[in-house]
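Structure first, then comments.
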Amino acid sequence: MKKFEDMEKHGYEQLVFFHDESTGLKGITCIHNTALGPSLGGTRLWPYENEEKATLDVFRLARGMTYKAACAGLNLGGGKSVLIGDPEKVKGEAYFRAFGRYVQTLGGRYITAPDVNTDAKAMKYINMETDHVVAIPEKSGNPSPATAWGAFHGIRASLQEKYGDDDVSKYSYAVQGAGQTGDYLIGYLLDAGAQRIYFTEINDNHIQKIRKKYPDVEFVEPDDIYDLDVDVFAPCALGAVINDDTIPRLKVDIVGGTANNVLEEEDKHGAALQKRDILYAPDFVINAGGLINVSHELAKEGYNREKAFNEIQGIHDRLLEIYRLARENQATTQEAAKIFARKRIDEIDKIHANYINR
Ligand code: NAD
């Protein structure tokens, strides 16, 4: 793998490999772009087959964070860490503290957060060694309600764009995945008066939990979720669920939920949705609520949930702006979101060329 070639092609700033002998810690941090501010992104612990796969993943994830932060209007850049290891074996205080020491060596150019297989407890250990970590339990805590809150307002914006009326109670919904974010999203939709909601799940405990909590929400088998004749499909489980197999089956007008990397192939499947006149809420815009929430931990006055949740509602207006850009540029909504992000990064980068004493 030619790492410098990839770095030049996509504009990565920094790639750092680290190893701690005593704990077996092995990982990579990638800082993609810091034009807007310090890079922020979670740490993923995964048993990668080899270094190359881990590097590809950290590259892809760090770049995604740049777009996500830029679209969310945050003064943050994009970064990410991957730790190569078996999550059943390597978790522990010393392991995460060793990682925290490496985060500290980056001097605040990279701020870490939870991701797959790293939780609030891991962040607590990391925080013992570095000042550059968010989503620790005493502060903003679990980001899932915030992510779902953002998706709810993103769905409202999408209803407005598609039907000219964002009264959530008038429409029907299919929610794929009722884990942390799906559960909260269903709750927000019900609170707003939605009458017809379907959900699917593969975990029996979660199916029972939703049936008990929301008896009017109807369960459908996992594969049947794509065929439902409803207005909105909300993916809240896996990535790549919008693909060659599922697009022809969809009867919805809107796709928007909390899941990451929803389009199996961004360009191809973004265009295929557009061709079918299905409005796609770009995943890294509609699911940025969790990121906006943790960013409030960095505020001088400290974390304030009410302020954070108010700012998350801005996802509504941001999406309307991106839908307008897509129309003006005859682009897919995913492309339009990237145009929006790049424009903001370039503009803010340029004003920094003008020195001020601050
Ligand atoms: P979660 O693990 O709590 O929930 C996902 C649920 O989907 C689980 O209950 C799982 O059983 C179910 N599921 C898996 N495969 C399924 C299938 N084929 N059909 C139906 N259900 C299936 O995860 P989460 O925190 O709710 O996150 C969901 C998605 O949102 C992920 O893609 C995640 O990366 C993304 N996301 C989450 C956050 C957050 O704050 N938690 C933030 C941004 C993005």
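The values are calculated or read from the model by the stated rules, or taken from the named source; none is laboratory data. Just so it is clear, the structure is predicted and the values come from calculations on it, not from any experiment. Glycine also receives a Cβ, built like all others from the backbone with ideal geometry; neighbour counts cover every protein chain displayed. Heads up: the accessible areas ignore ligands, DNA and RNA and are worked out on the full protein's heavy atoms, side chains in. Shrake-Rupley method; radii C 1.70, N 1.55, O 1.52, S 1.80 Å.
Here's the yes/no breakdown for (1) aliphatic (A, V, I, L, M); (2) assigned to a helix (DSSP H, G or I); (3) surrounded by 20 or more Cβ atoms within 10 Å (Cβ to Cβ):
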| site | (1), (2), (3) |
| --- | --- |
| M65 | yes, yes, yes |
| K68 | no, yes, yes |
| N75 | no, no, no |
| K80 | no, no, yes |
| L83 | yes, no, yes |
| E88 | no, yes, no |
| A94 | yes, yes, no |
#### Entry: Hits in the stretch 198-239 - residues which are outside any helix (DSSP H, G or I), more than 23 Å from D277 (Cβ to Cβ) and either away from the ligand (no atom under 13 Å from the Cβ) or of a type in the set (D, E, K, R) (or both)
E201, Y214, P215, D216, V217, E218, E221
### Message
Can you say whether E321 is within 17 Å of K68 (Cα to Cα), outside the structural domain of Q274 (by TED's automatic domain parsing) and either free of Cβ contacts under 8 Å to residues at least 40 places away in the same chain or open to solvent by 100 Å² or more (accessible area, probe 1.4 Å) (or both), as far as the supplied structure shows?
### Response
no
### Query
Hey, any hits in the stretch 178-196 for a residue that's surrounded by 21 or more Cβ atoms within 10 Å (Cβ to Cβ), β-branched (V, I, T) and more than 25 Å from Q274 (Cα to Cα)?
yes
### Query
Which of the following residues is farther than 18 Å from Q176 by Cβ, of a type in the set (G, A, S), touching a residue at least 12 places away in the same chain (Cβ under 8 Å) and surrounded by 15 or more Cβ atoms within 10 Å (Cβ to Cβ): A308, A281?
A308
## Note on the structure
Within the stretch 71-120, the residues that are out of contact with any strand residue (DSSP E or B) (no Cβ under 6 Å at 6 or more places or on another chain), under 27 Å from F340 (Cα atoms) and of a type in the set (A, V, I, L, M) are A72, L74
### Query
Is it the case that R358 is on the phi < 0 side of the Ramachandran plot and modelled with pLDDT of 95 or more?
no
### Query
Are any residues in the stretch 267-285 touching a strand residue (DSSP E or B) at 6+ places or on another chain (Cβ under 7 Å) and assigned to a helix (DSSP H, G or I), and if so, which ones?
H269, G270, L273
### Query
What residue, among those in the stretch 96-117 that are at pLDDT 95 or above and open to solvent by 20 Å² or more (accessible area, probe 1.4 Å), is nearest to the chain's Cα centre (by Cα)?
R109
### Query
Any residue at all in the stretch 124-137 that is within 21 Å of the chain's Cα centre (by Cα) and among the polar types (S, T, N, Q)?
no
### Query
Would it be correct to say that A148 is open to solvent by 10 Å² or more (accessible area, probe 1.4 Å), in contact with a Gly (Cβ under 9 Å, 6 or more places away or on another chain), touching a residue at least 12 places away in the same chain (Cβ under 8 Å) and within 15 Å of G256 (Cβ to Cβ)?
no
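Do you know which of the residues in the stretch 264-278 that are touching a helix residue (DSSP H, G or I) at 6+ places or on another chain (Cβ under 6 Å) and modelled with pLDDT of 95 or more is most open to solvent (accessible area, probe 1.4 Å)? Working first, answer last.
Of all residues in the stretch 264-278, those touching a helix residue (DSSP H, G or I) at 6+ places or on another chain (Cβ under 6 Å) come to 266, 270, 272.
The next check asks that each one be modelled with pLDDT of 95 or more; those that pass are 270, 272.
Details: G270: 6, A272: 32 Å².
For the stretch 264-278, the residue satisfying everything is A272.
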### Query
Just a yes or no: is a residue in the stretch 242-256 modelled with pLDDT of 95 or more, assigned to a loop (DSSP other than H, G, I, E, B) and within 10 Å of the ligand (Cβ to nearest atom)?
no
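Restricting attention to the stretch 163-191, which residues are more than 16 Å from the ligand (Cβ to nearest atom) and touching a strand residue (DSSP E or B) at 6+ places or on another chain (Cβ under 8 Å)?
Selection gives Y171, S172, L190.
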